[in-house]
Amino acid sequence: MHDGTVSTHANLPAELLHKNGAPVFSLGGKIYELGSKEGYRQFWAIYHKPPKAEHRNYLLERRDSLIPLDERSFKGAYYTPLAVVDKAYDTLAATLGKNWQKDYIVWDMCCGVGNLEVKHSNPRNIYMSTLDQADVDVMHATKTCVSAQRFQYDYLNDDIDDFGNIDYSLTNKVPAGLRAAIAEGKKILVLINPPYAEATSGGNTAVDAEATSKEGVAKTKLAATAMASYGKASNELFMQFVARIALEIPTATLAMFSKLKYVNAPTLDVFRQAWNATYLDGFVVHCQAFDGLKGNFPIGFLVWKTNQKAVKKRVISEITTEVLDRNAQAIGQKSFFNLPNDQLLTNWIERPKTNKQDVVPLKNAVIPATATKDLRGTQWSDGAIAYFLSGGNDLQHANQQTVIFSSGYGSARGYFVNPENLLQVSMIFAVRRLVKPTWLNDRDQFLQPTEPLTNEFKSDCLLWMLFNGSNLTASADKLEWNGKSWSIVNHFIPFTEDEVGANGRFESDFMVRYLATLRQAQGERNYLSPEAQAVLTAGKTLWQAYFKDIDKDGRTVRDELKLNRPDVGWYQIRNALKKRNESGDVVPVDFSAFEDAYKQLGDKLRPQVYELGFLRV
């Protein structure tokens, strides 16, 4: 720590100097001018020159949070808060015994500047390696874990031969004592907070509802040579660490901060079949407790006793963790389940086959797709009345990828809706939308129902789906795509033209006929529950309001929502009415009766998601 004239630490990779009376930084032997002299002034308005001892190590401990955000995001490395480290040590003491710091040799192969080890009382038992030499320099300068063996090591690339074997002679970086401990099978605790970056194998770029993953981030020697039996786990950097640990220290105790997907994500089922470990204890904490981590998901600190030598594998079926808030205070418990893929909701429905009928692929209700790479949704299916986007099988993905369209969707992760599967689609749609994702439940998997489904539940789900904001079925003409003009037809209007005062004929009366069939099959009295009937009645009032003042919609609104046909959909109806309310040209349409009725129906259905087995607590 240096103010340009006085230094409190020696051999830091960066120094603050003065050149021609102005502050400059010396980084790696090169001189850089400050990007913001005002920022420099504000810094020294807070701290003494140099900072007092009580602040110096705090600043240096957080050196990794000062790395440029894009670099930290690419590497997936995030600072571990000391309050969370304290809780991790408490968990290890309760799980491994109060003498664990004496009994176990500890290796943290992604230690950063040593936050996970600063609480350790026996640093001579610690080996600390990190990708960046600058981190090692900071630990030396700050005298962090002086008795530990600290060294630069690229765990996912160093000492891995072309056949995926570990050969320490390739770099000779791993200390002899650690090599001996591994060879002799001593009690080794791997204590890590590895990077969370993700990529796919196809060019190492993945685009999903969460974010765009990092190109090239998963191209490691380990992934290329030693992870053939782990399936898609090679896309995850933290899973690559687990894979090498399993190869190198097959009976290690693993205590790891990470996402929870390796416990219950369907895409990592192959990994779980290959990896053998017994869950001992752990906790989850909000991801935003970690500096630089965005999103709304849990980070778990889970302790496992691994045994890759066992002939009989232990299957991870269920784990229960303590739940911590962002301040590392306990607030409850949470269970995570790993269930067979044949029990998942995504496998509950038979997916209709595609035919050769060309259709316009959409990216929104009435907007054609603009993507050209890997474009889907350009062909239809026999008897189809809609396309259902149903991406992922957990709450996180359901929040953004549960949508119904009147034509194909320009991406995968869905299937066609037809008269035979409509009720089943309605239930899947409702189940995926009724329960809102939180930071704690975002990876909970949807399951096939375990209890009988009543006719009332099915029709309630149908009405709830028809009037949901993610029902984007619509009708429109003159949609321009691929050099042609296209039309889409709305099959989801639950009213006749006369009932709503339409200004023209609806091309499809499918939903009216379908509801009549339900009425006939279930009987007039059992046709709809009072809650579903209230939604249908309130919805009809809004449909009537739309047609009553249809001439009040301006050209801009009509073009935006494609209001060029009578058989508009719920998406077009509600948005056109909202535009009118905003314009002030008409008496505002009151949505409150509909909103109250819709909320009551949702409140009735929501607990049934758990009662019928679609989700487990």
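The values are calculated or read from the model by the stated rules, or taken from the named source; none is laboratory data. The model shown is predicted, which means the values in this text are computed figures rather than measured ones. We place every Cβ from the backbone using ideal geometry, glycine too, and count neighbours over all the protein chains shown. For the accessible areas, the whole protein counts, side chains as well, though only heavy atoms, and no ligand, DNA or RNA atoms are used. Shrake-Rupley method; radii C 1.70, N 1.55, O 1.52, S 1.80 Å.
Quick notes on this one:
- Rounded FRET efficiency, nearest 0.05, which uses the C-beta distance separating Leu170 from Asn455 and R0 of 56 Å: 0.25
- Per DSSP, loop trypsin sites (Lys or Arg not before Pro) in the range 487-573 with at most 16 further Cβ within 10 Å: Arg505, Arg525
- FRET E, pair Val586, Gln522, Förster distance 45 Å, beta-carbon r, rounded to 0.05: 0.70
- P(r) weight above 15 Å for the range 460-525, C-alpha pairs, percent: 64
- Gain upon complete extension [Ala228, Asn482; 0.36 nm per residue less C-alpha separation]: 87.4 nm
- Tensor-based shape of the range 364-515 (alpha-carbon gyration tensor, a/c under 1.5 rounded, otherwise prolate or oblate): oblate
- Of all accessible heavy-atom area on the range 403-459, the percent that carbon and sulfur account for (1.4 Å): 49
- Here's the list of lysines a cross-link from Lys19 could span, going by alpha-carbon distance under 26 Å and ignoring same-chain residues fewer than 8 apart: Lys30, Lys37, Lys49, Lys52.
- The residues of the range 390-448 present an accessible area of 25 Å² per residue when probed at 1.4 Å with all protein chains retained.
- Lys363 versus Arg326: modelled label distance in nm, points set 7 Å from Cα along the beta carbon direction: 3.3
- Probe 1.4 Å, protein heavy atoms only - accessible area per residue of the range 226-379 in square angstrom: 44
- Highest average first, the peptides 379-385, 257-263 ordered by how many other beta carbon atoms sit within 10 Å of their residues are 257-263, 379-385.
- Pairs exceeding 31 Å between alpha-carbon atoms, taken from Lys102/Lys221; Lys436/Lys478; Lys294/Lys356; Lys363/Lys599; Lys353/Lys458; Lys313/Lys436: Lys102/Lys221; Lys436/Lys478; Lys294/Lys356; Lys313/Lys436.
- Trypsin sites (Lys or Arg not before Pro) restricted to the range 279-344 and DSSP loop, no more than 15 other C-beta within 10 Å: Lys294, Lys309, Lys312, Lys313, Arg314, Arg326
- Extension gain, Arg555-Gln133: 0.36 nm per intervening residue step, less the Cα-Cα distance, totals 145.6 nm.
- Sparse-neighbourhood loop sites, trypsin sites (Lys or Arg not before Pro) in the range 336-391 - DSSP loop, at most 10 other Cβ within 10 angstrom: Lys353, Lys356, Lys373
- Gyration tensor (alpha-carbon) shape descriptor, the range 225-264, a/c threshold 1.5: oblate
- Carbon + sulfur, % of accessible area of the range 484-611 - ligands and nucleic acids excluded, 1.4 Å: 47
- Assuming charge only on the beta carbon of Lys and Arg (+1) and of Asp and Glu (-1), the dipole of the range 439-555 about its Cα centre is about 200 debye to the nearest 20.
- Carbon and sulfur %, accessible surface of the range 96-199 computed with the full protein complex present, 1.4 Å: 44
- Linear extension gain, Val315 paired with Arg606, 0.36 nm per residue minus alpha-carbon span: 101.6 nm
- Cα-based reach from Lys232 at 12 Å (exclusive), listing aspartates and glutamates while leaving out same-chain residues under 8 positions away: Glu198, Asp269
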